[in-house]
């Protein structure tokens with residue numbers, strides 16, 4: 001509301017106040033007006049302080065929201081970097097295994113020893129990463145979470161159990177990375 005509106009829109013006077021002024025002396029009326037002016041100035045001052053405090057709080061809130069958005073962006077970037085580098089150590093170790101395989105293929109003649117050594121090294125890397133093979137024995141009970149059945153075959157093994165292992169599976173930290181492929185006895 002503008003100052004002009006404030007002066008033109010005067011509310012109806014309080015009947016009790018009008019009666020007191022009619023009965024009061026000019027000095028009493030002057031004192032009451034002075035008291036009311038002081039109270040008005042005090043209230044206006046408090047209002048201005050409240051508005052300033054509100055503006056400061058709104059500004060702080062805006063800055064905090066911006067800081068939080070920046071924090072979220074930094075965290076997303078860090079998370080992405082961690083994802084990208086999570087397997088870096090594993091890949092570094094696997095590169096050595098690959099180098100050994102290449103050297104084994106470059107050898108003339110018998111390469112079996114080199115390949116066996118490389119396979120052992122590869123298994124050590126998997127073991128260090130807590131990767132365990134899933135290699136069910138013939139006659140083992142079928143586990144649909146860990147075994148993928150290729151087909152049912154005639155076998156000496158008890159019906160409904162593993163008849164043969166076609167491809168080993170792998171698990172890491174109780175999570176199946178790849179189920180073992182098996183045939184099941186009829």
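Computed from the coordinates by the stated procedures, all read-outs in this text should not be read as laboratory data. In this text, all values refer to a predicted model and were calculated from it rather than measured experimentally. Here the Cβ is made from the backbone with ideal geometry for all residues, glycine too, and neighbour counts use every protein chain on show.
Please work out how much length the chain gains when fully extended from residue 65 to residue 176, using 0.36 nm per residue of separation minus the C-alpha to C-alpha distance, in nm with one decimal.
Details: separation 111, 0.36 × 111 = 39.96 nm, distance 4.22 nm.
Between residue 65 and residue 176, full extension yields 35.7 nm more.
What ranking of 165, 57 emerges when the number of other C-beta atoms within 10 Å of each C-beta is taken as an exposure proxy, fewest first?
By the 10 Å Cβ count, ascending: 57, 165.
Taking a cut-off of 16 Å, what percent of all Cα-Cα pairs in the range 87-129 are separated by more than that? Don't jump to the answer; show the numbers that get you there.
Numbers: 310 of 903 pairs.
Roughly 34 percent, rounded to a whole number.
Run the simple label-point estimate for residue 56 and residue 27 please: 7 Å along Cα→C-beta, distance reported in nm.
It is 4.4 nm.
Just to confirm the number: angle between the C-alpha axis of helix 88-106 and the first principal axis of the chain, 0 to 90 degrees, nearest 10?
20
Which percent of Cα-Cα pairs in the range 12-84 sits in each 5 Å bin, short to long?
Each 5 Å bin holds this share of Cα pairs: 3, 13, 9, 11, 8, 7, 7, 6, 7, 5, 5, 4, 4, 4, 3, 2, 1, 0.
Within the range 101-144, what residues put their amide N at less than 19 Å from the label point 7 Å along the Cα-to-Cβ vector of residue 90?
Correct set: 119-135.
Go ahead and run the numbers for FRET between residue 76 and residue 131, Cβ-Cβ distance against an R0 of 22 Å, rounding to 0.05.
About 0.15, to the nearest 0.05.
Could you give the distance between the Cα centres of the range 86-156 and the range 49-71, to the whole Å?
Cα centroid of the range 86-156 versus Cα centroid of the range 49-71: 58 Å apart.
Using a simple spin-label model with points 7 Å from Cα along the Cα→Cβ vector, what separation in nm is obtained for residue 117 and residue 153?
So the label points at residue 117 and residue 153 sit 3.6 nm apart.
To the nearest 10 degrees, how steeply does helix 26-85 sit against the main Cα axis of the chain, on a 0 to 90 scale?
10
If you line up the long axis of helix 112-128 against the longest principal axis of the chain, both from Cα atoms, how many degrees apart are they, to the nearest 10?
30
Need the full-extension length gain, residue 19 to residue 48, defined as separation in residues times 0.36 nm minus the C-alpha distance. One decimal, nm.
Computed gain between residue 19 and residue 48 is 7.2 nm.
Beyond 27 Å, what percent of the Cα pairs of the range 27-186 remain?
65
Hey, fewest Cβ within 10 Å first, where do 166, 147 land in order?
Numbers: 166 11, 147 21.
Going from least to most buried by this count: 166, 147.
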